[in-house]
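Below: the structure, in structure tokens.
The values are calculated or read from the model by the stated rules, or taken from the named source; none is laboratory data. Model, not experiment: these values are computed from the prediction. Don't worry about glycine lacking a Cβ; one is built from the backbone with ideal geometry, like all the others, and counts go over all protein chains shown.
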Amino acid sequence: MPEPLSAINDFVVKFANVNGSGSASANGLFAKAIIRMGVPVSARNIFPSNIQGLPTWYEVRVTEAGHLGRRGGVDIAVALNPQTWDDDVAEIVPGGYLFYDNTRPMPASKFRDDITVIGVPLTTICNEAYKIPRERQLFKNIAYVGALSWLIGIDTDVVEKLLAEEFASKAKLIGANIQAFNLGRNWAKENLKPIGLQLRHADAVGDRIFVEGNNAAALGAVYGGATVCAWYPITPSTSLAEGFMAHCEALRTNEDGSKRYAIVQAEDEIASIGIVVGAGWNGARAFTCTSGPGISLMNEFIGLSYFAEIPAVIFDVQRGGPSTGMPTRTQQSDLLLAAYASHGDTKHIMLLPADPGECFEMGATAFDLADRFQTTVFVMLDLDIGMQEWLVEPFKWDDAREIDRGKVMTFEDLEAGKDFGRYMDVDHDGVPYRTYPGTHPTRGAYFTRGTSRNRAAGYSEKGVDYQYNMERLLAKFATAARAVPAPVTRAAKKKTKAGVIYFGSTTPAMHEALEALEAQGHHVDAMRVRAFPFPQEVYDFIHAHEEVFVVEQNRDAQLRTLIVTEGGINPAVLTPILHYDGAPITARFLIDSIGSRMSAANAIREIAE
């Protein structure tokens, strides 16, 4: 039997619960208590798409080193769901710990010889303390946090302060929860010894905040000047609209109670994007938030935005597909859908945030780009970023930030006799000038249509007029490639012929994997792409390497496909590294996948030499 694991501020705890049992708040309390002790955590909630009854998991990675991606493997399993017991026990690494409610005996066959088993009679403890069945269930969750706090060294004072903050408006619940916490802690203190995995106060969190990507994007939309949100509920994007509503109530409400914003829950996704396009045509900064199935329904209006050149922003919080797919699991599988949304020849700007901090930044930037290029801009979150809490630096809010409205002719411009043609490319960058409705009583008006037109917006089905506009739209897209957020590169410690391209929520796991690969002697240059169209630096990076791994969370290598299609890259140069089981990618998966391929390539090279 291996020695029990021993580590300080570096381990993974995974809670296995039943959805609807009230465990979410207790598990969140556990994670936040560790943060309050100055130790970073990476927390992931894996939950089903029904209301209650199915399995749910909450994984907390304790990492003083600051690795915010999933590691892979479980050091402590808190197994409280009989349905998933076998799988939960199987995930524990050798030498790890199994924590369970031993009120009812379990057969020996349900355990493993290479782990330490810790039984706490949670049901008995709570049945004796509480008479109401629902209280027994809810307080059992707090009791197991109490028992764990003794086993791994969480300070009682930290938890009590958190509970006081959580229930500040319901004072009676503060004492009740503290009592339940101490029931579990005191039993463990009297009957168990602390385990080898321990927490110690540290100073590794700093002033970072713990926030969901959807909430960050919603605040970014406010910062970016958005005043209109039209949406239809869909997992996992609903909390983005709700966050925008809360932020607007705080930041866009006048002293007399009047509102400087409009939020419309439309009858469906088609209506929501229609409202957004209409508001954008009128000069408002407007957005909708949705997921893959919603984008599918919105395609016709997205095509109108592209062809009639009307600003719009769509926050796409990606989930597992196709069809209903896995609504509460994460993927990066809407790239092709968003990049070429609608029928005919279309290309759309996409921003690819890596964490809630970039959700805030790109949430604001998207509106500048939509106005500047008069088109739909997609902000491509995913469930892992959107619905999970991440540790990020505080957002930078500058009251002096200026909104970029792009090429808009004013009344003064038109009055001075400036030539106006809605679809004229006067600056040779593909972007025409526009006017807001009602700008001038006699000049600057035009008819907005989804049919072909000439440079002055007059109806035309002449091939030369149609071709002019389609080629101009391509030129505009090329101009956008020089305006979108640039990729971020990271050079290997030694010169290498290998590179890796990644994006979005794979970032923290990728960074950890790169460090481990370096330690193994596998040197890899890295580039994180942050937007589409791809800036020239992306293609330069590929041309500078013999092999480039492309990491993404979908089955069909959609980012790789975009790179090949848009850059004319030889597909043989790009090696796909794909992860699409619905759970966030892990560092160990990346280390194994890239490391094994590099080892094989080195072996072949040595034989050839």
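Regarding ILE209, is this residue at pLDDT 95 or above, within 26 Å of GLN388 (Cβ to Cβ), of a type in the set (Val, Ile, Thr) and out of contact with any helix residue (DSSP H, G or I) (no Cβ under 8 Å at 6 or more places or on another chain)?
Details: at pLDDT 95 or above: yes; within 26 Å of GLN388 (Cβ to Cβ): yes; of a type in the set (Val, Ile, Thr): yes; out of contact with any helix residue (DSSP H, G or I) (no Cβ under 8 Å at 6 or more places or on another chain): yes.
For ILE209, the condition - at pLDDT 95 or above, within 26 Å of GLN388 (Cβ to Cβ), of a type in the set (Val, Ile, Thr) and out of contact with any helix residue (DSSP H, G or I) (no Cβ under 8 Å at 6 or more places or on another chain) - is met.
So ILE76 ticks every box in (1) part of a loop (DSSP other than H, G, I, E, B); (2) modelled with pLDDT of 95 or more but one. Which box is left unticked?
The single condition ILE76 does not satisfy is (1).
Which one is modelled with the highest pLDDT among residues in segment 164-185 that are in contact with a Leu (Cβ under 7 Å, 6 or more places away or on another chain) and of a type in the set (A, V, I, L, M)?
Only one residue fits best here, namely ILE178.
Is one or more of the residues making up segment 250-265 more than 28 Å from PRO437 (Cβ to Cβ), assigned to a loop (DSSP other than H, G, I, E, B), in the same structural domain as VAL313 (by TED's automatic domain parsing) and in contact (Cβ under 8 Å) with a residue 60 or more places away in the chain?
Taking every residue of segment 250-265 in turn, none turns out to be more than 28 Å from PRO437 (Cβ to Cβ), assigned to a loop (DSSP other than H, G, I, E, B), in the same structural domain as VAL313 (by TED's automatic domain parsing) and in contact (Cβ under 8 Å) with a residue 60 or more places away in the chain.
If I filter segment 13-41 down to residues being hydrophobic (A, V, I, L, M, F, W, C) and over 20 Å from VAL392 (Cα atoms), which single residue comes out as surrounded by the most Cβ atoms within 10 Å (Cβ to Cβ)? It would help to see each step written out before you state the result.
Of all residues in segment 13-41, those hydrophobic (A, V, I, L, M, F, W, C) come to 13, 15-16, 18, 24, 26, 29-31, 33-35, 37, 39, 41.
Still in the running and over 20 Å from VAL392 (Cα atoms): 13, 15-16, 18, 24, 26.
Numbers: VAL13: 25, PHE15: 28, ALA16: 26, VAL18: 19, ALA24: 17, ALA26: 24.
The residue in question is PHE15.
Kindly check whether there is at least one residue in segment 422-435 that is surrounded by fewer than 17 Cβ atoms within 10 Å (Cβ to Cβ) and touching a strand residue (DSSP E or B) at 6+ places or on another chain (Cβ under 7 Å). Steps first, please.
The first filter runs over segment 422-435 and keeps only residues surrounded by fewer than 17 Cβ atoms within 10 Å (Cβ to Cβ), leaving 424, 426-428.
Filter once more, so that each one left must be touching a strand residue (DSSP E or B) at 6+ places or on another chain (Cβ under 7 Å): none.
Scanning segment 422-435 turns up no residue that is surrounded by fewer than 17 Cβ atoms within 10 Å (Cβ to Cβ) and touching a strand residue (DSSP E or B) at 6+ places or on another chain (Cβ under 7 Å).
What number of residues within segment 27-64 are at pLDDT below 95 and either of a type in the set (A, V, I, L, M, F, W, C) or under 22 Å from ILE178 (Cα atoms) (or both)?
Residues of segment 27-64 that are at pLDDT below 95, as a first pass: 45-56.
Adding the requirement that they be either of a type in the set (A, V, I, L, M, F, W, C) or under 22 Å from ILE178 (Cα atoms) (or both) leaves 46-47, 51, 54.
Qualifying residue count for the region: 4.
Right, PRO107: surrounded by fewer than 16 Cβ atoms within 10 Å (Cβ to Cβ), out of contact with any Lys or Arg (no Cβ under 7 Å at 6 or more places or on another chain) and touching a residue at least 60 places away in the same chain (Cβ under 8 Å) or not? So that I can check it myself, show each step before the final result.
Details: surrounded by fewer than 16 Cβ atoms within 10 Å (Cβ to Cβ): yes; out of contact with any Lys or Arg (no Cβ under 7 Å at 6 or more places or on another chain): yes; touching a residue at least 60 places away in the same chain (Cβ under 8 Å): no.
It is false that PRO107 is surrounded by fewer than 16 Cβ atoms within 10 Å (Cβ to Cβ), out of contact with any Lys or Arg (no Cβ under 7 Å at 6 or more places or on another chain) and touching a residue at least 60 places away in the same chain (Cβ under 8 Å).
Would you point out which residue out of PHE373, PHE315, PHE378 is touching a Cys at 6+ places or on another chain (Cβ under 7 Å), of a type outside the set (A, V, I, L, M) and either surrounded by fewer than 21 Cβ atoms within 10 Å (Cβ to Cβ) or under 18 Å from GLY224 (Cβ atoms) (or both)?
Details: PHE373 fails: touching a Cys at 6+ places or on another chain (Cβ under 7 Å); PHE378 fails: touching a Cys at 6+ places or on another chain (Cβ under 7 Å).
Selected residue: PHE315, the only one of PHE373, PHE315, PHE378 that is touching a Cys at 6+ places or on another chain (Cβ under 7 Å), of a type outside the set (A, V, I, L, M) and either surrounded by fewer than 21 Cβ atoms within 10 Å (Cβ to Cβ) or under 18 Å from GLY224 (Cβ atoms) (or both).
Which of the residues spanning segment 473-502 are of a type in the set (S, T, N, Q) and within 29 Å of GLY595 (Cβ to Cβ)? Please lay out each step first, then the result.
Our first condition is that a residue be of a type in the set (S, T, N, Q); within segment 473-502, this holds for 479, 489, 496.
Across segment 473-502, the qualifying residues are THR489, THR496.
Taking the options LEU240, LEU199, name whichever one is closer than 24 Å to ASP371 by Cβ and either modelled with pLDDT of 95 or more or more than 20 Å from the chain's Cα centre (by Cα) (or both). Spell out how you get there, then give the answer.
On the way: LEU199 fails: closer than 24 Å to ASP371 by Cβ.
Going through LEU240, LEU199 in turn, the sole match is LEU240.
If you scan segment 18-51, which residues turn out to be in a helix (DSSP H, G or I), in contact with a strand residue (DSSP E or B) (Cβ under 6 Å, 6 or more places away or on another chain) and among the small types (Gly, Ala, Ser)?
SER23, ALA31
Suppose we filter VAL211, VAL222, VAL205 for residues that are surrounded by fewer than 21 Cβ atoms within 10 Å (Cβ to Cβ) and among the aliphatic types (A, V, I, L, M); which single one remains?
Details: VAL211 fails: surrounded by fewer than 21 Cβ atoms within 10 Å (Cβ to Cβ); VAL222 fails: surrounded by fewer than 21 Cβ atoms within 10 Å (Cβ to Cβ).
Answer to the selection: VAL205.
Checking the structure you have, find out if any residue of segment 53-62 is touching a residue at least 60 places away in the same chain (Cβ under 8 Å) and surrounded by fewer than 19 Cβ atoms within 10 Å (Cβ to Cβ).
As a first pass, look at segment 53-62 and keep what is touching a residue at least 60 places away in the same chain (Cβ under 8 Å): 62.
If we keep only those that are surrounded by fewer than 19 Cβ atoms within 10 Å (Cβ to Cβ) as well, we get none.
No, segment 53-62 contains no residue that is touching a residue at least 60 places away in the same chain (Cβ under 8 Å) and surrounded by fewer than 19 Cβ atoms within 10 Å (Cβ to Cβ).
Out of curiosity, is GLU249 among the charged types (D, E, K, R) and closer than 28 Å to GLY325 by Cβ? If you could, list the steps in order and put the result at the bottom.
On the way: among the charged types (D, E, K, R): yes; closer than 28 Å to GLY325 by Cβ: no.
It is false that GLU249 is among the charged types (D, E, K, R) and closer than 28 Å to GLY325 by Cβ.
Condition test on SER239, is it closer than 30 Å to THR324 by Cβ and in contact (Cβ under 8 Å) with a residue 60 or more places away in the chain? Let's see the steps before the verdict.
Values: closer than 30 Å to THR324 by Cβ: yes; in contact (Cβ under 8 Å) with a residue 60 or more places away in the chain: yes.
Yes.
Test GLY294 against the criterion of being outside the structural domain of THR448 (by TED's automatic domain parsing), crowded, with 19+ Cβ neighbours inside 10 Å, outside any strand (DSSP E or B) and small (Gly, Ala, Ser), and give yes or no. Working first, answer last.
Numbers: outside the structural domain of THR448 (by TED's automatic domain parsing): yes; crowded, with 19+ Cβ neighbours inside 10 Å: yes; outside any strand (DSSP E or B): yes; small (Gly, Ala, Ser): yes.
When the stated conditions are applied, GLY294 passes them.
Restricting to segment 459-485, name every residue that is outside any helix (DSSP H, G or I) and surrounded by 13 or more Cβ atoms within 10 Å (Cβ to Cβ). Give the steps one after another, and end with the answer.
Start the filter on segment 459-485 by keeping residues that are outside any helix (DSSP H, G or I), which leaves 459-462, 481-485.
Listed by number, the residues that qualify are SER460, ALA481, ALA483, VAL484, PRO485.
What number of residues in segment 243-280 are among the charged types (D, E, K, R) and either buried (at least 18 other Cβ atoms within 10 Å of the Cβ) or in contact with a Lys or Arg (Cβ under 6 Å, 6 or more places away or on another chain) (or both)? Please lay out each step first, then the result.
First, pick out the residues of segment 243-280 that are among the charged types (D, E, K, R): 249, 252, 255-256, 259-260, 267-269.
Those still in the list that are either buried (at least 18 other Cβ atoms within 10 Å of the Cβ) or in contact with a Lys or Arg (Cβ under 6 Å, 6 or more places away or on another chain) (or both) too: 252, 260, 269.
Count: 3.
Just to check your reading of the model, which residue among ARG449, ARG405 is modelled with pLDDT of 95 or more and either closer than 24 Å to GLY283 by Cα or not assigned by TED's automatic domain parsing to the domain that holds VAL551 (or both)? Spell out how you get there, then give the answer.
Values: ARG449 fails: modelled with pLDDT of 95 or more.
It is ARG405.
Failed condition for GLY283, given (1) outside any helix (DSSP H, G or I); (2) crowded, with 23+ Cβ neighbours inside 10 Å, with all others met?
The number of the failed condition is (2).
Does any residue of segment 359-374 turn out to be over 23 Å from VAL277 (Cα atoms), in contact (Cβ under 8 Å) with a residue 12 or more places away in the chain and not in a helix (DSSP H, G or I)? Give the steps one after another, and end with the answer.
Step one: list which residues in segment 359-374 are over 23 Å from VAL277 (Cα atoms), which gives none.
Scanning segment 359-374, I find no residue that is over 23 Å from VAL277 (Cα atoms), in contact (Cβ under 8 Å) with a residue 12 or more places away in the chain and not in a helix (DSSP H, G or I), so the answer is no.
For segment 488-504, which positions are closer than 11 Å to PHE541 by Cα and surrounded by 20 or more Cβ atoms within 10 Å (Cβ to Cβ)?
Hits for segment 488-504 are ALA498, GLY499, VAL500, ILE501.
Return the total of residues in segment 212-235 being under 19 Å from ARG329 (Cα atoms) and touching a helix residue (DSSP H, G or I) at 6+ places or on another chain (Cβ under 7 Å).
As a first pass, look at segment 212-235 and keep what is under 19 Å from ARG329 (Cα atoms): 212-215, 233-235.
Of the ones still in play, those that are also touching a helix residue (DSSP H, G or I) at 6+ places or on another chain (Cβ under 7 Å) are 212-215, 234.
Count: 5.
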